[in-house]
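Asker: Let me give you the structure first, and then I'll get to my questions.
The values are calculated or read from the model by the stated rules, or taken from the named source; none is laboratory data. Just so it is clear, the structure is predicted and the values come from calculations on it, not from any experiment. Glycine also receives a Cβ, built like all others from the backbone with ideal geometry; neighbour counts cover every protein chain displayed.
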Amino acid sequence: MSVLVVGISHRSAPVSLLEEVTLGLGDTTGVLGELTPGAVSEAVVLSTCNRVEVYADTEGFHAGVDAVTDLLARRSGVPLEELSKHLYVHWEGQAVLHLFQVACGLDSMVVGESQILGQLRRAYGASSDSAGRVLHELFQTALRVGKRAHSETGLDEAGQSLVSVGLAHAVRAVGELEGRSVLVVGAGSMGALAGATLRRASVGDVVVANRTAVNAIRLAISLDGRGVGLDALPQELLLADVVVTSTGATGLVVHRDVVAAAMAQRPERPLVVLDLALPRDVDPLVRTIPGVTLVDLEALQGALAGTEAGAGVEAAREIVAEEVGTFLTWQKASRVAPTVVALRTKADEVVDLELARLTSRLPELGDHERAEVEQAVRRVVKTLLHTPTVRVKELTEAPVGLSYADALRELFGLDRAAPAAVTAAPLTLEDDDS
């Protein structure tokens with residue numbers, strides 16, 4: 001089995017198309033069951049503000065790609081021929097490299113942003129019913145790599161958070177944020193980050209609006225502000241200078257007519273609306289209202305294109321390259337190890353059978369003699385298996401390693417289903433005498 005990733009992101013598709021796919025993959029429950037039986041054994045869906053990716057453990061490249069692309073087209077409602085133009089595919093080592101880069105924020109719209117780690121953790125948790133041994137190890141390693149990159153390099157300084165970049169646009173539109181009234185729509189992690197960033201900018205009144213008012217109030221208290229429900233948006237838009245939206249809604253939250261009505265009552269006072277949600281929260285037609293500046297992910301995509309990485313990014317890339325090599329070594333070992341387990345298991349079964357026959361033929365054999373015979377037989381078998389199992393360990397990092405495992409199965413007549421049956425067993429390729 002090999003790791004495959006099929007995805008669509010801000011780099012490969014317009015935001016409008018990305019929104020459609022995001023909506024379609026909103027609920028990851030039962031995703032594995034919708035994939036072609038036999039083509040994919042494990043799956044994890046990663047959906048963030050600027051990407052949707054399906055990670056799969058699959059037997060064959062083409063079968064896996066077909067299964068995942070069919071799922072994306074079916075869930076999103078986008079015709080496959082149109083969707084395929086914007087998809088990217090990574091296989092085996094390149095798939096591992098891509099995920100580790102994503103975990104470090106190296107593939108983000110804002111290089112180095114750290115929010116992706118939380119999104120990765122949630123994606124894995126939501127796909128726990130469809131992830132197995134390989135993807136569990138892959139995502140756990142990716143989380144560790146991301147943390148390592150941020151703690152061991154200057155990656156955090158190389159890029160700003162999406163919120164900070166968006167607020168820079170707001171400053172250009174309305175001037176310095178100090179003392180400005182702010183409306184944060186959405187009480188999730190991005191809303192909390194936006195509120196904290198704005199507070200550090202010494203804004204004035206902060207209001208948090210959320211579908212669940214109690215969550216809005218909870219976040220507002222931490223920001224020394226007020227919490228309201230979404231039904232209060234018309235009134236709060238009259239007072240705000242800056243609006244930041246980042247809800248998880250599947251439809252528009254801020255409509256053009258509501259904003260237009262508010263602006264009609266404050267024609268001399270500009271308003272900046274920063275939409276960080278995917279799917280978008282704000283009607284794109286809001287930007288046609290006089291006095292309103294709308295900054296959404298599409299606008300940020302253009303503004304952030306070509307951002308220079310810096311030394312922190314280069315150091316993070318070195319960490320990624322090192323960790324990819326380590327993971328691929330583990331993956332090769334995990335493919336070979338079940339064969340070793342199956343070989344040792346068969347040897348133990350043969351020894352047990354022959355010892356049972358010996359007991360039935362020589363019932364007068366004493367316990368001491370029987371123990372000596374058993375120890376001698378097991379020592380002989382262990383010695384005979386020592387070289388083949390040690391060689392498997394040594395060849396793990398070379399392409400011939402897997403062929404060698406196949407040869408062992410053929411030479412010793414191992415059941416081809418046996419390795420798969422013991423794949424999840426904790427084991428090591430270390431031989432007792434090595």
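Asker: Residues that are acidic (Asp, Glu), out of contact with any Ser or Thr (no Cβ under 8 Å at 6 or more places or on another chain) and at pLDDT 95 or above: does the stretch 248-261 have at least one? Spell out how you get there, then give the answer.
Answerer: At the first step, the residues of the stretch 248-261 found to be acidic (Asp, Glu) are 257.
Imposing the further condition that a residue be out of contact with any Ser or Thr (no Cβ under 8 Å at 6 or more places or on another chain) reduces the set to 257.
Still in the list and also at pLDDT 95 or above: 257.
Within the stretch 248-261, one or more residues are acidic (Asp, Glu), out of contact with any Ser or Thr (no Cβ under 8 Å at 6 or more places or on another chain) and at pLDDT 95 or above.
Asker: Now for a different question. Go through the residues of the stretch 193-212 one by one and say whether even a single one is surrounded by fewer than 16 Cβ atoms within 10 Å (Cβ to Cβ), closer than 16 Å to Val272 by Cα and not basic (Lys, Arg).
Answerer: Yes - at least one qualifying residue is present in the stretch 193-212.
Asker: List every residue pair whose Cβ atoms lie under 6 Å apart, where the two residues are 6 or more positions apart in sequence or sit on different chains, the first residue falls within the stretch 5-27 and is crowded, with 17+ Cβ neighbours inside 10 Å, and the second residue, located anywhere, is at pLDDT below 90 and among the hydroxyl-bearing types (Ser, Thr, Tyr).
Answerer: What qualifies is Thr22/Ser47; Leu23/Thr250; Leu25/Ser47.
Asker: Yes or no: Thr307 assigned to a helix (DSSP H, G or I) and at pLDDT below 90?
Answerer: Details: assigned to a helix (DSSP H, G or I): no; at pLDDT below 90: yes.
No, not satisfied.
Asker: Where residues in the stretch 371-393 are surrounded by 13 or more Cβ atoms within 10 Å (Cβ to Cβ) and modelled with pLDDT under 85, which of them is nearest to Val340 (Cα to Cα)?
Answerer: So the first thing to find is which residues in the stretch 371-393 are surrounded by 13 or more Cβ atoms within 10 Å (Cβ to Cβ), and the list is 373-374, 377-378, 381-382, 385-386, 388-393.
So of that shortlist, the ones also modelled with pLDDT under 85 come out as 385-386, 388-393.
Numbers: Leu385: 9, His386: 11, Pro388: 9, Thr389: 6, Val390: 10, Arg391: 11, Val392: 8, Lys393: 10 Å.
Restricting to residues being surrounded by 13 or more Cβ atoms within 10 Å (Cβ to Cβ) and modelled with pLDDT under 85, the top hit is Thr389.
Asker: Can you confirm whether Ala73 is touching a Pro at 6+ places or on another chain (Cβ under 8 Å), surrounded by fewer than 22 Cβ atoms within 10 Å (Cβ to Cβ) and farther than 25 Å from Ala333 by Cβ? Spell out how you get there, then give the answer.
Answerer: Values: touching a Pro at 6+ places or on another chain (Cβ under 8 Å): yes; surrounded by fewer than 22 Cβ atoms within 10 Å (Cβ to Cβ): yes; farther than 25 Å from Ala333 by Cβ: yes.
The answer is yes for Ala73.
Asker: Scan the stretch 341-355 residue by residue and report those that are touching an Asp or Glu at 6+ places or on another chain (Cβ under 9 Å) and touching a residue at least 24 places away in the same chain (Cβ under 8 Å).
Answerer: Applying the first criterion (touching an Asp or Glu at 6+ places or on another chain (Cβ under 9 Å)) to the stretch 341-355 yields 342, 346, 351, 355.
Once the filter is applied, which keeps residues that are touching an Asp or Glu at 6+ places or on another chain (Cβ under 9 Å) and touching a residue at least 24 places away in the same chain (Cβ under 8 Å), the stretch 341-355 yields Ala342, Lys346, Val351.
Asker: Could you say whether any residue in the stretch 21-37 is within 30 Å of Glu322 (Cα to Cα), outside any helix (DSSP H, G or I) and in contact with a helix residue (DSSP H, G or I) (Cβ under 6 Å, 6 or more places away or on another chain)? Spell out the reasoning first.
Answerer: First, pick out the residues of the stretch 21-37 that are within 30 Å of Glu322 (Cα to Cα): none.
No, that holds for no residue.
Asker: Find all pairs meeting these conditions: Cβ atoms under 8 angstrom apart; at least six residues apart or on different chains; first residue within the stretch 222-241 and among the basic types (Lys, Arg); second residue in a strand (DSSP E or B).
Answerer: Arg226/Val206; Arg226/Val207; Arg226/Val208
Asker: Select from the stretch 241-288 the residues that are exposed (fewer than 15 other Cβ atoms within 10 Å of the Cβ), in a loop (DSSP other than H, G, I, E, B) and among the acidic types (Asp, Glu) and list them in ascending order.
Answerer: Result: Glu268, single match.
Asker: Here is a follow-up. Just checking, how many residues over the stretch 145-194 are of a type outside the set (S, T, N, Q), without any contact (Cβ under 8 Å) to a residue 40 or more places away in the chain and part of a helix (DSSP H, G or I)?
Answerer: Here the count works out to 5.
Asker: Run down Ala131, Ala123, Ala73, Ala142 and say which single residue is part of a loop (DSSP other than H, G, I, E, B) and either in contact (Cβ under 8 Å) with a residue 40 or more places away in the chain or out of contact with any strand residue (DSSP E or B) (no Cβ under 8 Å at 6 or more places or on another chain) (or both).
Answerer: Numbers: Ala123 fails: part of a loop (DSSP other than H, G, I, E, B); Ala73 fails: part of a loop (DSSP other than H, G, I, E, B); Ala142 fails: part of a loop (DSSP other than H, G, I, E, B).
Result: Ala131 is the single residue among Ala131, Ala123, Ala73, Ala142 that is part of a loop (DSSP other than H, G, I, E, B) and either in contact (Cβ under 8 Å) with a residue 40 or more places away in the chain or out of contact with any strand residue (DSSP E or B) (no Cβ under 8 Å at 6 or more places or on another chain) (or both).
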